[in-house]
Amino acid sequence: MDDDVERAARKVRDVEQAVSEHVTRSDPVTGRASSPDGAVTVVATPGGPPQQITVSAAALRMGPHGLAAEIMRVAEKARRNAGSRLHQTLERVVDPRELTELGFVRERDDDEFGWQR
């Protein structure tokens, strides 16, 4: 049993080192999403807050509540896109099933609404 524990611990260390080296070599992982009309665009990190929010003058016609709701919808889409990009980046060194279990799901490039990522 001690051999199994040591083998598992060694595997965890090896994967941790591989992920660390891979992330160090790659650019920061972000996701981008825009509303269908392009009025709101958000850049976010996987599981993090928006890093950049761009709102066009046309978006101001939505009113404060509508604009806030649209920003939240687009920000969530950007976060999911960032998670998908993280999955694509790390699946070279980590089992993709484990990434999905951690909440980083690989998605298609376009969704059913035609939103740009």
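The values are calculated or read from the model by the stated rules, or taken from the named source; none is laboratory data. Quantities reported herein were computed from a predicted structural model and do not represent experimental measurements. Every residue, glycine among them, receives a Cβ derived from its backbone with ideal geometry; neighbour counts consider all protein chains shown. Accessible surface is based on the protein model in full, side chains and every heavy atom, while ligands, DNA and RNA are left aside. Shrake-Rupley method; radii C 1.70, N 1.55, O 1.52, S 1.80 Å.
Please indicate, with yes or no, whether at least one residue in the stretch 46-57 is touching a strand residue (DSSP E or B) at 6+ places or on another chain (Cβ under 7 Å), of a type in the set (A, V, I, L, M, F, W, C), farther than 23 Å from residue 107 by Cα and in a helix (DSSP H, G or I).
Restricting attention to the stretch 46-57, the residues satisfying the condition of being touching a strand residue (DSSP E or B) at 6+ places or on another chain (Cβ under 7 Å) are 50-55.
Those left that are additionally of a type in the set (A, V, I, L, M, F, W, C): 53, 55.
Next, only the ones that are farther than 23 Å from residue 107 by Cα stay: 55.
Okay, now just the ones that are also in a helix (DSSP H, G or I), so none.
No; the residues of the stretch 46-57 include none that is touching a strand residue (DSSP E or B) at 6+ places or on another chain (Cβ under 7 Å), of a type in the set (A, V, I, L, M, F, W, C), farther than 23 Å from residue 107 by Cα and in a helix (DSSP H, G or I).
Just to be sure before I move on: is residue 78 modelled with pLDDT of 80 or more, open to solvent by less than 30 Å² (accessible area, probe 1.4 Å) and touching a Lys or Arg at 6+ places or on another chain (Cβ under 7 Å) in the structure I sent? Walk me through how you get there before you give the answer.
Details: modelled with pLDDT of 80 or more: yes; open to solvent by less than 30 Å² (accessible area, probe 1.4 Å): yes; touching a Lys or Arg at 6+ places or on another chain (Cβ under 7 Å): yes.
Yes; evaluated as a whole, the condition is true for this residue.
Condition test on residue 74, is it at negative phi and touching a helix residue (DSSP H, G or I) at 6+ places or on another chain (Cβ under 7 Å)? Working first, answer last.
Values: at negative phi: yes; touching a helix residue (DSSP H, G or I) at 6+ places or on another chain (Cβ under 7 Å): no.
Judged against the criteria, residue 74 is not a match.
I'm told residue 104 meets every condition in (1) assigned to a helix (DSSP H, G or I); (2) within 20 Å of the chain's Cα centre (by Cα) except one. Can you identify the failing condition by its number?
Looking at each condition in turn, residue 104 falls short on (1).
Of all residues in the stretch 61-71, count the ones that are in contact with a helix residue (DSSP H, G or I) (Cβ under 7 Å, 6 or more places away or on another chain) and surrounded by fewer than 16 Cβ atoms within 10 Å (Cβ to Cβ). If you could, list the steps in order and put the result at the bottom.
First, pick out the residues of the stretch 61-71 that are in contact with a helix residue (DSSP H, G or I) (Cβ under 7 Å, 6 or more places away or on another chain): 62, 67, 70.
With surrounded by fewer than 16 Cβ atoms within 10 Å (Cβ to Cβ) added as a condition, the list becomes none.
Count: 0.
Could you please find all residues in the stretch 1-45 being at pLDDT below 80, open to solvent by less than 100 Å² (accessible area, probe 1.4 Å) and part of a loop (DSSP other than H, G, I, E, B)?
26
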